[in-house]
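Peer 1: Next up is a structure, given as structure tokens.
What follows draws every value from the coordinates through simple rules; no lab data is involved. Nothing here was measured: the structure is a model prediction, and the numbers come from that model. Glycine also receives a Cβ, built like all others from the backbone with ideal geometry; neighbour counts cover every protein chain displayed.
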Amino acid sequence: QVIKVYSEDDTSRALEVPSDITARDVCQLLILKNHYIDDHSWTLFEQLTHTGLGRAIEDHELVMEVQSNWVMEEDNKLYFRKNYAKYEFFKNPLSFFPDSMISFPSETNAAVSHSGILQMFLSSSTYPEIHGYLHAKEQGKKSWKKWYFLLRRSGLYFSTKGTSKEPRHLQFFCEFSNSDMYMSLTGKKISGAPTNYGFCFKPNKSGGTRDLKQLCADDEQSRTCWMTAIRLLKYGMQLYQNYMQPYQGRSGCSPLNITPMRSISENSLVAMDFSGHRSRIIENPTEALSVAVEEGLAWRRRGCLRLNSHGSPIAMSNMAIHRSQSWFHHKISREEAQRLILQHGLVDGVFLVRDSQSNPKTFVLSLSHGLKIKHFQIVPLEDDGKLFYTLDDGHTRFTDLIQLVEFYQLNKGVLPCKLKHYCARIAL
């Protein structure tokens, strides 16, 4: 079988694959062919162009089965991209399941820890209940109505009487074994949804929009909670096995241990000084910071020297040095920046830097934090004939954007979190 896979910059690659190839296998193949680093966040993404829907294909799913559900005349695509949020709920369940949306079986008296919540999701006997308001599109109509929904092991229900959970007031909405869950990529445009936080269920063999079960949340955290809980309900322990697969065989990582083990915790990293005859740990955080900045400047001085056509070094302008960086996106809009970050996963620290649309001389840092995307203006300052860049009204100054990004990768400073994962337009 031949499949065609696209990247963010719309370059594509045709691959000849066996009929039983999984999404993880396709990602591994592309990682090897393109010499990328495998950080376990690469994902195969299905985009249904006609309906404006998309979803991350689970690692264990068969790619040919996914394609067999496509309608021939529709221009659907497979994308290869990073998705840092793919298994983030195993590492940080707190931000995925807010207390206001989750309740436990009555026999669970003691307070449940967040790793305990995941244990309940993955067990076959108990299941937490997810509840809250969602907008639902009425079948065959253009109108949307707000109902109180409940997710239980048997499926998704809504209450016909306020927030009543009595069986006589609950009406069945959907179950998930024969359908796939998609996120709305077009916001309000196609479906006329009341907010931009739409998702839906599409029967496996359905091609038209009339069979879609469409829902819409009031905010990103609510949508993320519903979609994560439904993924866990549908795939259960298979999701955890997908998550643990890269770690199998490493010491301390067992499928029975729900808390993921990491080889290195970022909190255990220490600053070291190797300049003398013997290495030493730098205890003073101010000294560690100045050493890190000096190392960055030295690296940049070396990196800024390029060879010209005659083989002699030339210096690159500080004004344009950022153009070559994977995290820099030239002339993209705020909406496109938000779409890119959303596709890479709303994990704290996912970021990109772009040109400002409103002020041609400034730049914008777009950053994901707390399941929201925030935008910070990077302002150029001139002082004593030299140009600097700042995020905090000149208190912290940088000679170029690379220095600025490197600083905030080490320190959060005025930002809500450090810069961790950049959004890159890869080419296949």
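Peer 1: With 23 Å as the limit, write out which pairs from 141/202; 213/234; 86/142; 188/418 have Cα-Cα distances beyond it, or answer none. Could you put the intermediate results ahead of the total?
Peer 2: Details: 141/202 17 Å; 213/234 16 Å; 86/142 32 Å; 188/418 32 Å.
From 141/202; 213/234; 86/142; 188/418, over 23 Å: 86/142; 188/418.
Peer 1: Compute the relative contact order of region 2-82 as a whole-number percentage, counting only Cα pairs closer than 8 Å that sit 6 or more residues apart in sequence.
Peer 2: Working: 122 pairs, mean separation 30.9, N = 81.
Averaging sequence separation for qualifying contacts and normalising by length gives 38 percent for region 2-82.
Peer 1: Taking a 32 Å limit on the Cα-Cα distance, which of the listed pairs 82/161; 145/372; 77/412 fall beyond it?
Peer 2: Working: 82/161 42 Å; 145/372 25 Å; 77/412 37 Å.
Going by Cα-Cα distance, 82/161; 77/412 fall outside the 32 Å limit.
Peer 1: While we're looking at this one, here's another question. Cβ under 11 Å from residue 136's Cβ, residue 136 left aside: what net charge do those residues give with Lys, Arg +1 and Asp, Glu -1?
Peer 2: Working: positive: 137, 141, 145, 146, 213; negative: 138.
Combined, the nearby Lys, Arg, Asp and Glu give +4.
Peer 1: If you don't mind, there's one more thing I want to ask. Quick one: net charge around residue 13, please, counting Lys, Arg +1 and Asp, Glu -1 for every other residue with C-beta under 14 Å from its C-beta. Before the final figure, lay out each step's value.
Peer 2: On the way: positive: 4, 33, 77, 81; negative: 8, 9, 10, 16.
Net charge in that neighbourhood comes out at 0.
Peer 1: For a paramagnetic label modelled at 7 Å from the Cα of residue 356 toward its Cβ, which residues of region 396-422 fall within the zone defined by backbone nitrogen distances under 18 Å?
Peer 2: It comes to 396-402, 404-405, 414-415, nothing else.
Peer 1: Could you sort 234-240, 10-16 so that the peptide with the highest average Cβ count within 10 Å comes first and the rest follow in order? Walk me through the intermediate numbers first.
Peer 2: On the way: 234-240: 16.6, 10-16: 12.4.
Highest to lowest by the protection proxy: 234-240, 10-16.
Peer 1: Another one. Would you mind calculating the gained length between residue 425 and residue 36 on full extension (0.36 nm times residue separation, minus the Cα-Cα distance), in nm to one decimal?
Peer 2: So the extension gain works out to 138.7 nm.
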